[in-house]
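The values are calculated or read from the model by the stated rules, or taken from the named source; none is laboratory data. Note that the structure is predicted; figures quoted are calculated from it, not measured. So basically every Cβ, Gly included, is an ideal-geometry build from the backbone, and we count neighbours across all protein chains shown.
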Amino acid sequence: MTQAPLIERHALEYPGGYTRSVGPALSKFFTGLRDGRIFGVKLGDGRVMVPPTEYDPDTAEELGEYVEVGPGGTVKAWTWVAEPRLGKHHLGKPFAFALVLPDGADLPMLHVVDVAGPEAMSIGMRVEPRWSSERVGYITDLDAFVPESAGGTSGAAPNGSSDAEAVTGIVTPIRLEYEVNAGRAASKYLRGLADHKILGQRAKDSQDVYVPPRGSDPKTGHPTEVEVEVSDTGTITTFCVVNLPGLSDLAPEVPYVCAQILLDGSNTPWFGLVQGIDAYEVRLGMRVKAVWVDQPSADARSIKWFEPTGDPDAPYDSYKEYA
Amino acid sequence: MRDVAVVGFAQSTARKDRERNEVEFISPVVQVAVERSGIAKADIGFTISGSCDYLSGGPFTFVQGLDAAGAWPPIRESHVEMDAAWALYEAWVAIQTGEVDSALIYGFGKSSLGDVHEIMTLQYDPYTVAPLWPSMVDMAALQASVFLDASGRTERDLAEVAARCRKAGLGNEFAIESEDVSPEALLERPVTHAPLRDSDIPPVTDGASAMVIAADDVARRASSRPAWIRGIDHRIEPQHIGARDLAASVSTRKAGERAGANGSFDVAELHSAFSHEELILRDALGINGTDVNPSGGPLVANALMSAGLTRIGEVATRISEGRADRGLAHATQGPCLQQNLVCVLEGE
């Protein structure tokens, strides 16, 4: 029977955004944007580049002669974004990405042009900045370039320059979303949990059983095609006592024990919590058994923790390879 | 210099592989490449991979790829956060040092886990470019805009490249998109990222490829017709796209000169993910009259982080099978053809 793949949603995000210090050249640039002005830098060969860099992109020579450019400019290349990305594209409506050559600059800069549609875009068209009303020292302080007003550029900043301190840092929010799939081997393992089973795998040419399986024998790279059910009872091969509270929403009250447990029939110790015993009585070789949730599902949390079986400890030789 | 040859290659692609994890789709490709090389896995001196952690959204996920290669007893290993063509370069250098005689190279990436066009934005300047969120397609479209304006070429020229590649893809079992279509018919389709149409843009592709290379007599013993790497070089341009001449690829031209990419070739495989890139690369390498991208190229299957290595593998396979004597392969990395690698391969 074909089953739907097990998919988990996953977001890559740093809360609050990455805080970046900008250095002298971009400080000049972002401070300029905040004040409604565009600054470039003179390169070693005399050309003016925007945004400015600290070093010449061709020769790595140190730069530092800043030149105010624009505000008017000319579109040198463009493409149309018909479907803006929510939370990413700041205009929130269709727009053009363009390489704009500000007057007085020799190399174009990438920014956006706000016009009604792609038919309003052309190479060579004249544009001027439309400034954001609230400027903080960020690339979108220049909200967009727009077609130049009749009679020439007007794009001076509405409130001119300020005496506020120079911009020294920016915060860049980033969020990426993923749908991660478990893969064939791990899906079998997860579905096994729903049936109260722990399913490992091994390669045809090896007796090493891996739990949870990832699809290949990490020693040889050979596919693990043989399914092996292992016991939910095993031996503690190593452990630590956790005394720091609040490490995870799932963590029990401190002190508690995180252990590596070699399940009977498996060759890879796996991670489990140990409960039902004073944390300081846990020891290597102790025999433990999984405690399952009442309704197991295809979820690694189907096993809550492990508790001692009360059997005599396993002899050291039986697990020393894993300790 | 030691003579180094490609002696084994394999690849795999999928539009959206939701069933297998990375290890499960790399592992068979590695096994096949090693089998084809005729060199025992335990005898391979060096293993190196190319991938990008952002594709799967987790730090150090490339390390998991090692499970597909097998790392016990401990192996000599390395990784590049780049297309695996650059892993091949490092492996080639490792062989030149005399430390090893053979190497396994693999590249992999599941582009379908997130919105890959958006994920690739994170490779741009994080201060003034990435916060505006141009996608990898937007960046390519800007280069196409510059190129058409500067060269006098037209959307018709792009459509001819796209139609030829899509047709060639019909003969490639690893093609994700292919069709027998005329340039005229493609021009009827809507422009989606001006001046590009969807046929000028590569399909999102999950995939992996693997290669074994070997030196001198090891290669001769392993393969009846090794594909010898006669020259290999790579060059990079500034990140600031305004500082580059986007209408030409100076780095490709220089890498080509250093790799000895002159004279005639039976086949060329170019890592031209977008139609206009093929035209820019042809100009940079002076390609004329050569069969370009007979596989259909990246326009029919573009597995990020392995598509560049696959170009070299496609040429090597044609040489080893006796279908070509001399071939040219190219790989690229970064927005708007920022970094380019050129490799010249020959049979004996």
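Overview of results
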{"quantity": "Residue match in segment B:269-281 (condition: within 12 Å of the chain's Cα centre (by Cα) and either of a type in the set (Ser, Thr, Tyr) or assigned to a helix (DSSP H, G or I) (or both))", "calculated": "yes"}
{"quantity": "Tally, over segment B:329-348, of residues that are of a type in the set (A, V, I, L, M), buried (at least 24 other Cβ atoms within 10 Å of the Cβ) and touching a Gly at 6+ places or on another chain (Cβ under 8 Å)", "calculated": "4"}
{"quantity": "All positions within segment A:204-245 that are among the small types (Gly, Ala, Ser), surrounded by fewer than 20 Cβ atoms within 10 Å (Cβ to Cβ) and over 21 Å from A:GLN275 (Cα atoms)", "calculated": "A:SER206"}
{"quantity": "Subset of segment B:136-163 [surrounded by fewer than 23 Cβ atoms within 10 Å (Cβ to Cβ) and over 14 Å from B:PRO202 (Cα atoms)]", "calculated": "B:LEU148, B:ASP149, B:ALA150, B:SER151, B:GLY152, B:ARG153, B:THR154, B:GLU155, B:ARG156, B:ASP157, B:GLU160"}
{"quantity": "Residues of segment B:125-152 satisfying the condition of being closer than 21 Å to B:ALA248 by Cβ and among the hydroxyl-bearing types (Ser, Thr, Tyr)", "calculated": "B:SER145, B:SER151"}
{"quantity": "Conditions (1) surrounded by fewer than 24 Cβ atoms within 10 Å (Cβ to Cβ); (2) in contact with a strand residue (DSSP E or B) (Cβ under 9 Å, 6 or more places away or on another chain); (3) of a type in the set (S, T, N, Q); number of the one not met by B:SER182", "calculated": "(2)"}
{"quantity": "Out of A:GLY92, A:GLY72, A:GLY87, A:GLY104, sole residue that is small (Gly, Ala, Ser) and free of Cβ contacts under 8 Å to residues at least 12 places away in the same chain", "calculated": "A:GLY92"}
{"quantity": "Test: residue in segment A:22-35 that is at pLDDT 95 or above, out of contact with any Ser or Thr (no Cβ under 6 Å at 6 or more places or on another chain) and part of a strand (DSSP E or B)", "calculated": "no"}
{"quantity": "Condition broken by A:GLY192, with the remaining ones in (1) in contact (Cβ under 8 Å) with a residue 40 or more places away in the chain; (2) part of a helix (DSSP H, G or I) satisfied", "calculated": "(1)"}
{"quantity": "Residues within segment A:195-225 that are under 27 Å from the mean Cα position of the chain (by Cα) and without any contact (Cβ under 8 Å) to a residue 40 or more places away in the chain, tallied", "calculated": "5"}
{"quantity": "Hits in segment B:8-26 (condition: without any contact (Cβ under 8 Å) to a residue 60 or more places away in the chain and in a strand (DSSP E or B))", "calculated": "none"}
{"quantity": "Among the residues listed as B:GLY58, B:GLY38, B:GLY50, the single one being among the small types (Gly, Ala, Ser) and crowded, with 19+ Cβ neighbours inside 10 Å", "calculated": "B:GLY50"}
{"quantity": "Pair list, Cβ < 6 Å and 6+ apart or interchain, from segment A:1-28 residues that are more than 10 Å from chain B (Cβ to nearest Cβ) to residues that are surrounded by 11 or more Cβ atoms within 10 Å (Cβ to Cβ) and of a type in the set (Phe, Trp, Tyr)", "calculated": "A:LYS28/A:PHE39; A:LYS28/A:TYR66"}
{"quantity": "Subset tally (residues that are under 12 Å from B:GLU19 (Cα atoms), β-branched (Val, Ile, Thr) and part of a loop (DSSP other than H, G, I, E, B)) for segment A:162-186", "calculated": "0"}
{"quantity": "B:SER102 being at the interface with another protein chain (Cβ under 9 Å from one of its Cβ atoms), of a type outside the set (Val, Ile, Thr) and within 30 Å of B:VAL212 (Cβ to Cβ)", "calculated": "no"}
{"quantity": "Identity of the residue in segment A:301-323, more than 14 Å from A:HIS196 (Cβ to Cβ) and among the small types (Gly, Ala, Ser), that ends up nearest to the chain's Cα centre (by Cα)", "calculated": "A:ALA323"}
{"quantity": "Qualifying positions in segment A:182-200 - within 11 Å of chain B (Cβ to nearest Cβ) and either of a type in the set (D, E, K, R) or within 23 Å of A:PHE306 (Cα to Cα) (or both)", "calculated": "A:ARG184, A:ALA186, A:SER187"}
{"quantity": "Wholly within segment A:215-319, strands (runs of 3 or more DSSP E) carrying at least 1 residues that are more than 14 Å from chain B (Cβ to nearest Cβ) and small (Gly, Ala, Ser)", "calculated": "A:233-242, A:256-263, A:270-274, A:287-292"}
{"quantity": "Residues located in segment B:222-256, provided they are touching a residue at least 24 places away in the same chain (Cβ under 8 Å) and among the charged types (D, E, K, R)", "calculated": "B:ARG225, B:ARG230, B:ASP233, B:ARG235, B:GLU237, B:ARG244, B:ARG253"}
{"quantity": "Number of positions in segment A:168-181 that are out of contact with any Phe, Trp or Tyr (no Cβ under 7 Å at 6 or more places or on another chain), modelled with pLDDT of 90 or more and at the interface with another protein chain (Cβ under 7 Å from one of its Cβ atoms)", "calculated": "4"}
{"quantity": "Any hit, segment B:256-265, residues being surrounded by fewer than 24 Cβ atoms within 10 Å (Cβ to Cβ) and within 14 Å of chain A (Cβ to nearest Cβ)", "calculated": "no"}
{"quantity": "Residue count for segment B:51-73, restricted to those that are among the small types (Gly, Ala, Ser) and out of contact with any Leu (no Cβ under 7 Å at 6 or more places or on another chain)", "calculated": "6"}
{"quantity": "Strands (runs of 3 or more DSSP E) contained entirely in segment A:67-148, each with at least 3 residues that are within 12 Å of chain B (Cβ to nearest Cβ)", "calculated": "A:73-81, A:95-102, A:109-113, A:142-147"}
{"quantity": "All positions within segment B:107-130 that are within 7 Å of chain A (Cβ to nearest Cβ) and either in a loop (DSSP other than H, G, I, E, B) or of a type in the set (Phe, Trp, Tyr) (or both)", "calculated": "B:PRO126, B:TYR127, B:THR128, B:VAL129"}
{"quantity": "Helices (runs of 4 or more DSSP H) contained entirely in segment B:131-245, each with at least 2 residues that are closer than 20 Å to B:PRO298 by Cα", "calculated": "B:136-151, B:155-168, B:183-187"}
{"quantity": "Residue list for segment A:40-66, filter: within 12 Å of another protein chain (Cβ to nearest Cβ) and part of a strand (DSSP E or B)", "calculated": "A:GLY40, A:VAL41, A:VAL48, A:MET49, A:TYR55"}
{"quantity": "Residue within segment B:282-297 that is under 14 Å from B:ALA85 (Cβ atoms) and acidic (Asp, Glu) present", "calculated": "no"}
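Conditions tested, residue by residue: (1) loosely packed, with under 15 Cβ neighbours inside 10 Å; (2) among the β-branched types (Val, Ile, Thr).
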position	(1), (2)
A:LEU247	yes, no
A:ALA259	no, no
A:LEU263	no, no
A:GLY272	no, no
A:GLY276	yes, no
A:VAL282	no, yes
A:ALA290	no, no
A:ASP294	yes, no
A:SER318	yes, no
